[in-house]
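Heads up, the thing below is written out as structure tokens.
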Amino acid sequence: MLNAHIDAPSVASVEVYDMRFELNEVEARMERYPSTISYLNLLNSLISQETDVSDRGLRFVGIFRFIYDQVFGPFPLRAYADPKEKWQLVIACLEHFHLVLKMYDLRDEDIINAVDISQPSSVPPASNLEIQFPILELLKDFMSGKVVFRNIMSIILLGVNMLINERTSHTYGLLLEKAVHLSLEVIILVFERDLFLAEFWRPLYQPLDVILSQDHTQIISLLDSRIVGLVQLLLKANAAKCLIEDYAACLESRFDESAPVENTKDDAGVLIMQHLDSFGIAQLPPRTSKLALRISTLHQRAWLLKLLAFELHSADMADPLHKESCLAIIRKIFAQHSEVNYGEPNSSKTFVTHPFDAVNGTSKIKALELLEIVHFKPPDIGLRYPQFILNTKYHKKVEDILSNSAISEMGGVYFYSERGDRLIDLDAFHDALWQMLKFSTQPGDSPYNIPDKGEISEVIQKLLRWAWKYNKNLEEQAAQLHMLTGWSHVVEVSVSRKALFIEDHSQFLFELLDASLSVSASPDCSLKMALVLSHLLPNGACHSILLKLIVAILRTESSEALRIRQYALLLSYFQYCRNVLDPEIPRSVIGFLVSEDQGDDELNLQKIDKEQAELARTNFAILKKEAEAMIDVVSKDAIEGSEVLKAMAFYALDTFIDIDEEKLLLSQLQSKGIPRSALLEISNFSVKDGGRCSVDSLQHLCTLEAELAMLLRISHRYNKHGAQLLLSIGALEHLRACRAPELKSKGFSRHCGNMVGMDIAGEFAKRNVLVTSILRLVSCLTSLVDSLEFLEVKNKIVRDVVDFIKHHQLFFDQILSEDISLADEVTLEQIDLVVSILSRVWPYEENDGHGFLQGIFRMINFVFKLDVGSNGIGHFSDPVEKKRMWEVVMFKLCFSLASYLYFLITKKLMRLQVSDITGSPGDSIAQQVPTLDTVVYLLSSVTAALVRAGEEKVFFLNKIQNINELSRQEVDEIIDVCIRRDYLSPFDSIQKRRYVAMVEMCRIIGIRDQLVIVLLQLAECLFNILLIHLQDSNFDSGDISLLCEKLHPTLEKLEHLREDRLGHDLKLFHRTINMLKELSIRNLALKGIS
């Protein structure tokens, strides 16, 4: 529709003319503009969805000229019956201009041909509707100070005070605020292009800062620090550099007590630093007598610090003058005894910091002095009511009024200040209290219970005074956090980008970290302050550490001992970067923990995820720059080093692969022969190697474990491509040649004689881990069987895996014959892996002479009927402690077994009997085949486990939410349930007990959530098995009816499971249950008929 009346100029003129008539002749006479507003909003919505931007908006030039000439140009001169429509029109126009500037790019020829510089500036340039692009017209308007520029500046020049007044007293206040915000965004977009265009268009058109400088009131209106979101906009757009000097000049005129600027040609950051020299570290005005000034000065210092951080961040270190200015600023912030002459650009390249000497009274560095200014106990901002109201009957009603979070315009009692603080609207609060007290009297009340007007007035006045104090306390804490945030920005930029210019930077880093930790541990430090301080040395500092570690590893002169230590530090660094959030705890729980008492703008999951992703990306970017050299060094250590160095090197390679987001390192590793070398060493492992029972043997096992970890990482990180690479270099053949599984099948004691002790037990555990790692890698490689489309390649993988199984038949037989009820965690995982491997490839084996199928059937018949929730099952040192995790492992095994059974039913067309075949067990395979009764029994166990898991999750989540309200006895009861008494002593405080209880409850919820995921997958698999059989008409209806009688109660229980208790989507789950119920009821009905 949009293209239909825009592509052709003749059609476009008709359409635009119609809207001109509607606007100027119809709507303007009525002073109401609904059609134009709707028309513009529709056009903006349609244009924003356009994907073809090759014509740079030429198709829509008619629309642009209509908005430019007819709507936005004369909007200040029009009359408006409803002021809201005025700002709705303005917003629609500004959104269109924003689209024009954001969507389209210009070519060099467009810029060159747009202006005829031979014409004098007094002659207006020709504008041809056919050739002029909207973006060019708009930029020329701004760069010549024409109508759009003047109207936008008139919006901003309304002033902050008027904006605040309109926002709080009129219904169109929010529209006006949005218009200001859009105006600023449009100006930012112009700032991104004007300097470049001015090089072509001078003298007819000038950069925007030149246009602004013609009227200084425009600069002040743009740079008033009280406009919400301005600095964030400037920083985000990276276009505020040309405004900083003007802003600093405004600040200089605002503070009479500031030191005079001796050299106005100095860098803007230096100018800001001069204000901080005196004003920044001056004592704050007292809270009791000058609270408003105290709040204002905190915000002013915050903006100074943020602007200083921006100046340091954007410094052009290639410019000698700019570089020296930045060094002078850093020297002033982080060094002592440094008299800085800002006018001398050629100062020393580095400078020495001197630690604080408390004995001799040496002054602290400026950064710590600023931290001391902001370190004070914040006022209480809790909604705690005065004692007098708690003693009255109005307490609950007042609480109801304040618990409504809506703003006053929506019926609540709150409003947002110009700085974004949510405060109590005193007028709305007064009206709500008066209405509450006025109508609190019920018919029939005794005259003695009816409050008089004097009592009502006193209650209202006391509550209003309390609300005023609450507002001021909230504003002061927000100002405190604002300054602390600005301080942390300066420290972060300096530490991450400029610290190397300081000779003794380690010393001042230590002092900063020590001071920040001391403040965060102080009883005066609020939770929000502690969160800001916890980010003192964030990603930038981490990247600095990684860069130094890489440089240290690549040094020419080194030794094995040094390299081992360096690899340990490198692995510790990546371990620190990896686990910010515990992946096993549900995000709903973490979201509650990180959002509680932190407001909308504080720490949240999205921010954590963003910072974690940014940290990972930059880590890889740093590694990528030195990837070739690092791979050379680490590969050489992995092949030629000692056993310990080899293990550390392979773990380092494993970490590199883990952060390889661009999948660039695999080819380098392959060219160095690392995967092939690791597989060759694994294949050479023999029974003799595993039976030496020595320190060397244990170290060799550690190396093999590291090699397997790296190979498994290749398969996981690079997905199908990684697995195919391993298969192409004979991974399965090498794993088949490894004799490690034989150690388990032949027994450990045969190779160690009568030697006993902790070393032997430790080595046996290592061998067991080695076997588990081999099974993990084989299981990962077998996943290609389901993903490959080429039958020939699939058959090759199947044959290789089947050969591996046959070669280690004794091991597979032993695993399948394990007593599951007494198995430990490692054995259970090995059973699960063996079943997973067999389920993927063994159905393709026509001859089951090895007896694996009987072994799996025996296991199914045993495990499916096992009471997994029983306390007496499992062989652990602490059964109660391990019970929950054991449930997860057992049901995972059930899922693998059920998946194998489902494969036989669907691919091999096998059908299960309803109940056991008569005869002695073990006579034949047929008598060992699982039955549908067994499947229904397992489904019943799954249902009971789901109900238990949901109840536990809800119980512990409620306890977490109310952890601060629980008594010591209740907390101790929770700790007893979690079996964590060993973490506490009788003398520990209630705060520590609550913390331990909360952490353990989060851990339990994480385990329960893992269990729920496994149970839902298992239930779906069992549903599919039952559906196939219930829909098959070949079964005896009598037997099926008996099965349905057993199945129906379980389905009823499953039907009552709720998403809010389990925390997962159950729509498809319930749909399948309904299908099973219908089939079950139908079969029961057939039984009744028969």
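In order along the stretch 462-471, the phi-based Karplus estimate (6.51 cos²θ - 1.76 cosθ + 1.60, θ = phi - 60°) of 3J(HN,Hα) comes to 5, 5, 5, 5, 5, 5, 4, 5, 4, 4 Hz; Gly and Pro are listed as x.
If I stretch the segment between residue 899 and residue 70 completely, what's the gain in nm (0.36 nm per residue apart, minus their alpha carbon distance), one decimal?
Here the answer is 291.5 nm.
Note on residue 171: accessible area is roughly 100 Å² with a 1.4 Å probe, heavy atoms of protein only. Ordered from largest to smallest accessible area (heavy atoms of protein chains, 1.4 Å probe), the residues 827, 556 come out as 556, 827. Evaluating 6.51 cos²θ - 1.76 cosθ + 1.60 at θ = phi - 60° for every residue in the stretch 932-948, the Karplus couplings come out as 5, 4, 5, 5, 5, 4, 5, 4, 5, 5, 4, 4, 4, 5, 5, 4, 4 Hz, glycine and proline recorded as x. Multiplying the residue separation of residue 578 and residue 663 by 0.36 nm and subtracting their alpha-carbon distance yields 28.8 nm. Model label sites at residue 465 and residue 524, defined 7 Å from Cα along the beta-carbon direction, differ in position by 2.8 nm. Coupling constants for the stretch 994-1009 follow from the phi torsions by the Karplus curve (6.51 cos²θ - 1.76 cosθ + 1.60, θ = phi - 60°), and in residue order they are 5, 5, 4, 4, 5, 4, 5, 5, 4, 5, 5, 4, x, 5, 5, 5 Hz; glycine and proline get x. When the listed pairs 332/610; 548/624; 290/377 are checked against a 21 Å cut-off, the alpha-carbon distance exceeds it for 332/610.
For residue 555 and residue 200, the FRET efficiency from 1/(1 + (r/R0)^6), where r spans their Cβ atoms and R0 equals 35 Å, is about 0.10. In terms of the mean number of neighbouring beta-carbon atoms within 10 Å, the peptides 510-519, 469-478 order highest first as 469-478, 510-519. Backbone amide hydrogens, once placed in the peptide plane, bring residue 660 within less than 5 Å of nothing, excluding anything fewer than 5 places away on its chain. The accessible area of residue 108, taken with all protein chains in place and a 1.4 Å probe, comes to roughly 100 Å². Tell me, what is the FRET efficiency for residue 644 and residue 55 to the nearest 0.05, using R0 = 56 angstrom and their Cβ-Cβ distance as r? The calculated FRET efficiency here is 0.30. Largest first, the residues 45, 289 sort by 1.4 Å accessible area into 289, 45. What FRET efficiency do you get for residue 77 and residue 144 if R0 is 25 Å and r is their Cβ-Cβ distance, rounded to the nearest 0.05? So the FRET efficiency works out to roughly 0.75.
The listed peptides 366-378, 615-627, ordered by packing as a protection proxy, come out as 366-378, 615-627 (highest mean of other Cβ atoms within 10 Å first).
Leaving ligands and nucleic acids out of the surface, order 275, 1064 by accessible area at 1.4 Å, largest first. Could you put the intermediate results ahead of the total?
On the way: 275 5, 1064 50 Å².
So the residues, ranked largest to smallest area, are 1064, 275.
The values are calculated or read from the model by the stated rules, or taken from the named source; none is laboratory data. Everything numeric here is computed off the predicted structure, so don't read it as measured data. Here the Cβ is made from the backbone with ideal geometry for all residues, glycine too, and neighbour counts use every protein chain on show. Only protein heavy atoms, including side chains, enter the accessible area calculation; ligands, DNA and RNA are left aside. Shrake-Rupley method; radii C 1.70, N 1.55, O 1.52, S 1.80 Å.
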